[in-house]
Amino acid sequence: MTENSKVLERVALITGGNSGVGLSIASHLLSRTNSQQIFTIILACRNQKKGEQARLQLLSKYPNSDIRILEMDTSSVKSVLQAVETLDSIDRLDLLFCNAGAMPIGSLCISGIIRGIFTHPVEFFESSEALYQKRGLLSNDGLGLTFQTNVFGHYLLIHKLIPLLTRTILSDSSVNNPRVIWTGSSASQLDFSRADYQHIHGIKPYESSKYIIDQIAVPLDRKLSHYNIRCYITEPGNVCTGFLSGLEIPLFQYLVVVVFYFFRIIAGISRFTITSDCAAEASSFVAFAKEDELDPRFKYYSNVTRFGSPYVSCSPLITSVDTGAFLSSKLDALVEKFDC
Ligand SMILES: NC(=O)c1ccc[n+]([C@@H]2O[C@H](COP(=O)([O-])OP(=O)(O)OC[C@H]3O[C@@H](n4cnc5c(N)ncnc54)[C@H](OP(=O)(O)O)[C@@H]3O)[C@@H](O)[C@H]2O)c1
């Protein structure tokens, strides 16, 4: 085999890789295995059993693939640090998907549903207005639970993995530089408060956590680019995954699917991606695009045409330099506090 035809052996780690968007990202990567590149997939999951089921599901479609399970709960510093130690045995990491995420769903908000459906139906179905989120939840580390699950656990992971990501660059110059790819979501400044940046007391901990990801992405990219690592954000659209499973209302998820299809076909709402396969399109695009086709100051969206063909669009991230600096310093201080 000549040097030019050498098979690239790339490694991708996906948090929350056992279901929904994360599992579909794994599937997209494995579908790109060919005579030039093969992937080792590491599914980072908090539940080993679910991880093993996901591994078997992927193997049934892509037999002979190298798929590994890494136990990791992003809401626990100890678990993240233990997972990083386990990763000592691998020699490269090309793609780190910070995808795990949770919304602390409490119950349905009936007044919000009635108001939303009659006054702004499309925006309503794009949002979480129909749901009350639990307030005051803390992790075992004493941090806002949703903040730690969705943001800080990943921020710590990224920082601990810089040496491994850097090693990847040194070992192979023929591939794209390593990338960190966050799964974001829509959120506005209204969902965030500096005084309670972990959103422990607020009513929208999920949106607040996703707003933080938007705000820290550019400063984080700037920091990581010193190591030739790049950082991007994608958004999967509205997708019917296990995300609403906390709401134990029979048939609710099916109703949501029907409503999404209705709006997509009738009104052409392209962000109603509905299936996790379509929702993973933007992350897959960012994983494979050449560096000069991407811009870390943009967000990459999974979209779908009225009749189900996926495509990717992008638009500039709406950020505040000041808020980004504030949050980065808070997160850096937490890394320093917990990384001992
Ligand atoms: N669904 C949507 O419409 C939508 C829209 C915008 C953005 N997103 C984002 O897409 C990402 C994936 O969500 P999804 O829609 O695919 O939902 P999902 O099927 O519920 O997947 C979420 C994944 O995150 C994992 N996870 C949750 N908390 C965790 C923790 N503490 N430690 C480790 N893993 C944890 C879950 O593990 P378990 O299986 O063990 O719970 C699961 O694998 C999330 O970041 C979400 O915010 C989703």
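The values are calculated or read from the model by the stated rules, or taken from the named source; none is laboratory data. As the structure is a computational prediction, the values presented were derived from the model and not from experiment. A quick note on method: Cβ atoms are made from the backbone with ideal geometry, for glycine too, and the neighbour counts reach across all protein chains shown.
A single member of K49, K78, K134 is of a type outside the set (A, V, I, L, M, F, W, C), within 12 Å of the ligand (Cβ to nearest atom), surrounded by fewer than 19 Cβ atoms within 10 Å (Cβ to Cβ) and farther than 30 Å from N176 by Cβ, and it is K49.
List the residue pairs whose Cβ atoms are under 8 Å apart, where the first residue sits in segment 143-165 and is of a type in the set (K, R), the second is within 15 Å of the ligand (Cβ to nearest atom) and at pLDDT 95 or above, and the two are 6 or more positions apart or on different chains. Correct list of pairs: K160/V80; K160/L81; K160/V84. Please verify whether segment 96-116 includes one or more residues that are within 16 Å of the ligand (Cβ to nearest atom), more than 30 Å from K330 (Cα to Cα) and touching a strand residue (DSSP E or B) at 6+ places or on another chain (Cβ under 8 Å). There is no residue in segment 96-116 that is within 16 Å of the ligand (Cβ to nearest atom), more than 30 Å from K330 (Cα to Cα) and touching a strand residue (DSSP E or B) at 6+ places or on another chain (Cβ under 8 Å). Of the residues L95, L58, L29, the single one that is crowded, with 17+ Cβ neighbours inside 10 Å, free of Cβ contacts under 8 Å to residues at least 60 places away in the same chain and in contact with a Leu (Cβ under 8 Å, 6 or more places away or on another chain) is L58.
Look at (1) free of Cβ contacts under 8 Å to residues at least 24 places away in the same chain; (2) among the polar types (S, T, N, Q); (3) in contact with a strand residue (DSSP E or B) (Cβ under 9 Å, 6 or more places away or on another chain) and you find that S193 fails only one, number (3).
Considered as a group, the residues in segment 14-28 that are assigned to a helix (DSSP H, G or I) and of a type in the set (V, I, T) include one that is farthest from the ligand (Cβ to nearest atom), and that residue is I25.
Okay, residues lined up against (1) of a type in the set (F, W, Y); (2) within 16 Å of the ligand (Cβ to nearest atom); (3) at pLDDT 95 or above; (4) buried (at least 17 other Cβ atoms within 10 Å of the Cβ):
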| site | (1), (2), (3), (4) |
| --- | --- |
| I229 | no, no, yes, yes |
| F252 | yes, yes, no, no |
| L255 | no, yes, no, no |
| S276 | no, yes, yes, yes |
| F307 | yes, no, no, no |
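Residue count for segment 184-195 under the criterion of being assigned to a loop (DSSP other than H, G, I, E, B), surrounded by fewer than 16 Cβ atoms within 10 Å (Cβ to Cβ) and at pLDDT 95 or above: the result is 1. When the criteria are applied in full, S185 meets the requirement of being within 12 Å of the ligand (Cβ to nearest atom) and either free of Cβ contacts under 8 Å to residues at least 60 places away in the same chain or within 22 Å of F124 (Cβ to Cβ) (or both).
The number of residues in segment 218-256 being of a type in the set (G, A, S), touching a helix residue (DSSP H, G or I) at 6+ places or on another chain (Cβ under 8 Å) and under 22 Å from L145 (Cβ atoms) comes to 2.
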